[in-house]
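Have a look at the structure below, then the notes.
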Amino acid sequence: MVDCGYGAGQETPAAMAGAAAAVVARVAGGDERVSGVLLSSFLEEGQQNIGHEPAKLRFGVSVTEPCLGWEQTLSLLNTLAAAVKKRQAAAPAALGRAPSLPRAAPSFRELGTLDTTDNLRVHTIRPLLSPACAIEQVPMSREAKRLVLRARCEISQIVQGESDRLLVLAGPPAVHDPSAAIEYAAKLAALAAKHEGELVVVMQVNLSRSAEAEEGGWAGLV
């Protein structure tokens, strides 16, 4: 998994795009060790300080780390999909490796009951009262549970080398504007459907930023 947004010299959108281009070259060259990529991305390129006047914030611009804009993200994902397609054509699925069928149910240890979508690797949870009440009052729909289960299965396939698709985590490092996040999510979902044979696209959604809050920055929606 390659994080294109962090590391020395990779804090700007241009540097992230360059790092992503290097990943594209490796994938197109047949490197099967590359299983995924993380892109800090939002509707508009760059970053802004949240300050003390939220009303003056620009719509769709990150308030934490700098992000790629949507047009850059669109171009990169199209290029990544083409690179994966080239890798798939050069190296047909090996024995025991699942073909690129997005709707196929893989062999995955978390394929338990459909209702079991909570984090199965956490032994004990002591929830805060407010989130617990919210979960009771707004239960997850059956369709949402299927989506969570399917995404986990597909991600597990890729990480374990059982799928020849590429995992792409994209989105703003921290959500500060629900409207902008929903608009971005709709665009990303359409792009994910277009490239479902080559990419498994997941939006990263962070709602709290404790480290940022300690430094006087954005603490998050939660």
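The values are calculated or read from the model by the stated rules, or taken from the named source; none is laboratory data. On a predicted model such as this, the values are computed, not experimentally measured, just so you know. Reconstructed Cβ throughout: ideal geometry from the backbone, glycine too, with neighbour counts over all protein chains shown. Note: areas computed on protein heavy atoms with side chains; ligands, DNA, RNA excluded. Shrake-Rupley method; radii C 1.70, N 1.55, O 1.52, S 1.80 Å.
At-a-glance table
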item: Unique residue being modelled with pLDDT under 90, of a type in the set (K, R) and either open to solvent by 90 Å² or more (accessible area, probe 1.4 Å) or in a loop (DSSP other than H, G, I, E, B) (or both) when the list is R58, R109; result: R109
item: Subset of segment 198-211 [in a helix (DSSP H, G or I) and touching a Pro at 6+ places or on another chain (Cβ under 9 Å)]; result: none
item: All positions within segment 26-44 that are in a loop (DSSP other than H, G, I, E, B) and not aliphatic (A, V, I, L, M); result: G29, G30, D31, E32, R33, S35, F42, E44
item: Selection within segment 65-86 - touching a helix residue (DSSP H, G or I) at 6+ places or on another chain (Cβ under 9 Å), part of a loop (DSSP other than H, G, I, E, B) and open to solvent by 10 Å² or more (accessible area, probe 1.4 Å); result: P66
item: Selected residue (criterion: most open to solvent (accessible area, probe 1.4 Å)) from residues of segment 114-158 that are outside any helix (DSSP H, G or I) and either modelled with pLDDT of 80 or more or within 30 Å of A28 (Cβ to Cβ) (or both); result: V138
item: Unmet criterion (only one of (1) at pLDDT 95 or above; (2) farther than 18 Å from A14 by Cβ) for R103; result: (1)
item: Every residue from segment 174-197 that is at pLDDT below 95 and either outside any helix (DSSP H, G or I) or acidic (D, E) (or both); result: A174, V175, H176, D177, E196, G197
item: Set L80, L68: member being closer than 22 Å to L221 by Cα and at pLDDT 85 or above; result: L68
item: Only one of G161, G171 that is over 14 Å from the mean Cα position of the chain (by Cα) and at pLDDT 85 or above; result: G161
